[in-house]
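Student: Here it is, the structure, as structure tokens.
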Amino acid sequence: MEIRIFETADETVRAVAQRVARSLREKPDLVLGLPAGRTPVGAYAELGRLHAAGEADFSLASSFNLDEFAGIERTHPGSFHRFMMEHFFDGVNIPAGHIHSLNGAAQDLDAECERYEDELVSVGGVGLQLLGIGPNGHIGFNEPGDALVARTHRVTLLEATRRDNAALFFDDPAQVPREALSMGMGTILKADAVVMIATGVGKAACVERMVRGPITTQLPASFLQTHRRVEVYVDLAAGSRL
Ligand code: GLP
């Protein structure tokens, strides 16, 4: 793992945006894998600015959202699809048809996961996967447990994760869906390159465990150690235990 430590959260996410813009210049038809969450928001805003300044052209790029809550429409205020539209896609020029997301309101959620995995395979997989990390070490919604699932799948969310995501559901954890859909660990690890972003002291412990191991299903992010091209972008606070 290549660790990059920046003084502030702001510098961290701006560096991530520069990293994405660089990849895009090298490979205009880049396939991005993108997380929702508070952490990458500044990177998305900066990419919007780079796009407006003519330094990031997404016209040939495509994207796959990492995860989604089950049982809600894409228009629901808590939907990660909606979150990504508001925080990223509305500000750049990725063609609408190149934006892929899981439909949490699908009738058959298992079939929806299959569809998504097949769609990803049909474009040749993710080129650059951005990731955040949950305080319990989850990536996407791959929660800690006795086993991990390789492919895109349905997940039962842990209570802590539902609490962490309450902000999107009127600050009421009870309104956070009990289930979600997520790219699997295998899906994530198949990406050509992974950029993990973590900021704030609340992430320091899970970042330390992710980087130093041991590799365990109890901390899904630790499996990133097995990937050949992972860059970890942290601020001083999140990197304080490294
Ligand atoms: C959420 C999402 C992840 C996200 C993580 C961290 O539960 N499923 O994709 O990366 O938790 O979120 P945040 O960046 O808001 O701390």
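Read-outs: derived from the displayed coordinates by stated rules, not from any lab. As the structure is a computational prediction, the values presented were derived from the model and not from experiment. Glycine also receives a Cβ, built like all others from the backbone with ideal geometry; neighbour counts cover every protein chain displayed.
Student: Among Arg14, Arg151, Arg22, which one shows the highest mean-square fluctuation when the chain is modelled as a Gaussian network with alpha-carbon springs under 10 Å?
Tutor: Arg22
Student: Something else: Over what distance in Å are the Cα centres of region 164-242 and region 1-69 separated?
Tutor: 17
Student: Return the single residue from Ser62, Ser222, Ser23 with maximal mean-square fluctuation; model: Gaussian network over the chain, springs between Cα atoms under 10 Å.
Tutor: Ser23
Student: Give me the one-decimal nm value for the distance between modelled label points at Ile215 and Glu55, 7 Å along each residue's Cα-to-Cβ direction.
Tutor: Roughly 3.7 nm, to one decimal.
Student: Mean-square fluctuation check for the chain, GNM, Cα pairs under 10 Å: which of Met185, Met85, Met210 is largest?
Tutor: Per the Cα network of the chain with a 10 Å cutoff, Met85 tops the list.
Student: Across bins of 10 angstrom width beginning at 0, how are the C-alpha pair distances of region 1-83 distributed, in whole percent?
Tutor: 17, 43, 33, 8
Student: Related question: Set the Förster distance to 30 Å, then compute FRET efficiency between Gln225 and Ala96 from the Cβ-Cβ distance, nearest 0.05.
Tutor: Between Gln225 and Ala96 the formula returns 0.25.
Student: Return the distance in nm (one decimal) between the two label points of a simple spin-label model at Ala147 and Asp171, each offset 7 Å from Cα along Cα→Cβ.
Tutor: With each label placed 7 Å out from Cα toward Cβ, I get 4.1 nm.
Student: Restricting things to Cα coordinates, could you compute the convex hull volume per residue of region 72-116 in Å³?
Tutor: 68
Student: Separate question: What would the Debye equation give as log₁₀ I(q)/I(0) for region 116-197 at q = 0.24, 0.25 Å⁻¹, counting only Cα atoms as equal point scatterers?
Tutor: These q points yield log10 I(q)/I(0) values of -1.17, -1.22.
Student: Count charges around Ala237 for me, please; just the other residues with Cβ under 15 Å from its Cβ, Lys/Arg as +1, Asp/Glu as -1.
Tutor: -1
Student: When the convex hull of the C-alpha atoms of the chain is computed, what volume per residue in Å³ does it have?
Tutor: Dividing the Cα hull volume of the chain by its residue count gives 110 Å³.
Student: Another question, then. Using only the Cα atoms of region 169-242, each taken as one equal point scatterer with no solvent, compute I(q) by the Debye sum, divide by I(0), and report log10 of the ratio at q = 0.12, 0.19, 0.23 Å⁻¹.
Tutor: Calculated log10 I(q)/I(0) at the listed q: -0.42, -0.90, -1.06.
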